[in-house]
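Visitor: Dumping the structure here so I can ask a few things about it.
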Amino acid sequence: MICRVHRARCVKWLRRHYRRSPGVAIIKRTRQGQQGSAAAHVDAEVANAQAWWYKPEYIINELNINSVITTPGHDEILPINSATTQTPYTMKGYAYSGGGKKVTRVEVTLDGGESWQVCTLEHPERPNKYGKYWCWCFWSLEVEVLDLLGAKEVAVRAWDETLNTQPEKLNWNVMYTGRGNFLVKGKPKFAKKMAMIAGGSGITPLYQVIQAVLADRAEDRTEMYLVYANRTEDDILLREDLDAWAKEYPEQFKVWYVIGEAKHPEEWKYSLGFVSEGVLREHVPIGGPEDTLAADDPVCSDAELGEDELRC
């Protein structure tokens, strides 16, 4: 747990939890607790030797603006009767932004974004002496119960002092719609094979796609080829599931691991080192437009793929 760094949107595997009595504040920054960006030539050894983990200019601290609805809550039931319809219902939630930027406006829609209602904001914590807001703000909005009853979906968005907001649709270059169908800049495409390349915790979105395809295997015959890179064998996440799927559905799913170092190299039957061109040529389908979803640029160039066939 790191001050001012929100992890609600990241997958976590908690190994140890220390409980302290109320009133004890402990702030500790460690290499394992930092996330950052460094030059391409900086590996773990260089980062440790030159203390890159502690350089403020390379540590990722800022967050995207975010907002959450907490009321209505999950599985909450609101009786509809003469008493409840006479009293407005109060929706509630919280919002925050990165870099100490103040959240200046929160809006709620009950009609799919056709119209927005401005919420009441509460900032219980004062800014620090530099004018930075590091804490959540809380929002509330009174809505008519019958309006809430008629809403198919409710949504919230926030704005901060730099006019950052939360767009409904992000600029995805590829949108997978299932069963081998996907959109590229709105144009429908189809692929019978998918090449997947992941590293570390980046396996999680691909894991969801693999899981969905195999759950629908009676109708979805998409073939998936995964190259999954990690530093050590112990760092491989979800390996039990991946190996089980590869064994049970060999005609649809194949996985190949790449690690930087092995405890017993003579027993390791997969690749050591980096995800190289040779690894990709051998373990992912790169044969042309019909069966290519994603691949490494040099390999695609050799395969004479058009620019419209490259997916990132």
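The values are calculated or read from the model by the stated rules, or taken from the named source; none is laboratory data. Just so it is clear, the structure is predicted and the values come from calculations on it, not from any experiment. Every residue, glycine among them, receives a Cβ derived from its backbone with ideal geometry; neighbour counts consider all protein chains shown.
Visitor: Take the residues in the range 190-236 that are in contact with a Leu (Cβ under 9 Å, 6 or more places away or on another chain) and charged (D, E, K, R); name whichever of them is surrounded by the fewest Cβ atoms within 10 Å (Cβ to Cβ). Show your work before the answer.
Guide: We begin by selecting, within the range 190-236, every residue in contact with a Leu (Cβ under 9 Å, 6 or more places away or on another chain); these are 191, 193-198, 200-201, 203-204, 206-207, 210, 220, 224, 226-228, 230, 236.
Adding the requirement that they be charged (D, E, K, R) leaves 193, 220.
Values: 193: 18, 220: 15.
Here the answer is 220.
Visitor: Which of the residues spanning the range 132-155 are more than 25 Å from residue 209 (Cβ to Cβ) and either touching a Gly at 6+ places or on another chain (Cβ under 6 Å) or assigned to a loop (DSSP other than H, G, I, E, B) (or both)?
Guide: Matches in the range 132-155: 132, 133, 134, 135, 136, 139, 144, 150, 151, 152, 154.
Visitor: Could you say whether any residue in the range 170-186 is closer than 30 Å to residue 138 by Cα and either modelled with pLDDT under 90 or assigned to a loop (DSSP other than H, G, I, E, B) (or both)? Explain how you work it out, then say what you get.
Guide: Here is the first cut: in the range 170-186, the ones closer than 30 Å to residue 138 by Cα are 170-171.
If we keep only those that are either modelled with pLDDT under 90 or assigned to a loop (DSSP other than H, G, I, E, B) (or both) too, we end up with 170-171.
Within the range 170-186, one or more residues are closer than 30 Å to residue 138 by Cα and either modelled with pLDDT under 90 or assigned to a loop (DSSP other than H, G, I, E, B) (or both).
Visitor: If you scan the range 63-86, which residues turn out to be in contact (Cβ under 8 Å) with a residue 12 or more places away in the chain and either in contact with a Cys (Cβ under 6 Å, 6 or more places away or on another chain) or part of a loop (DSSP other than H, G, I, E, B) (or both)? Give the derivation first.
Guide: Within the range 63-86, the first condition is being in contact (Cβ under 8 Å) with a residue 12 or more places away in the chain, and the residues that meet it are 63-72, 78, 80, 84-85.
Within the range 63-86, 63, 64, 65, 72, 78, 80 qualify.
Visitor: Which of the residues that make up the range 47-94 are modelled with pLDDT of 80 or more and of a type in the set (A, V, I, L, M, F, W, C)?
Guide: 49, 65, 68, 69, 77, 78, 80, 83, 91
Visitor: When the range 248-272 is examined, which residues are found to be surrounded by 10 or more Cβ atoms within 10 Å (Cβ to Cβ) and outside any loop (DSSP other than H, G, I, E, B)?
Guide: Within the range 248-272, 248, 253, 254, 255, 256, 257, 258, 259, 271, 272 qualify.
Visitor: Right, next: Name the residue that is nearest to residue 66 (Cα to Cα), counting only residues in the range 92-145 that are out of contact with any Leu (no Cβ under 9 Å at 6 or more places or on another chain) and of a type in the set (Ser, Thr, Tyr).
Guide: Step by step, filter the range 92-145, then rank; the result is 94.
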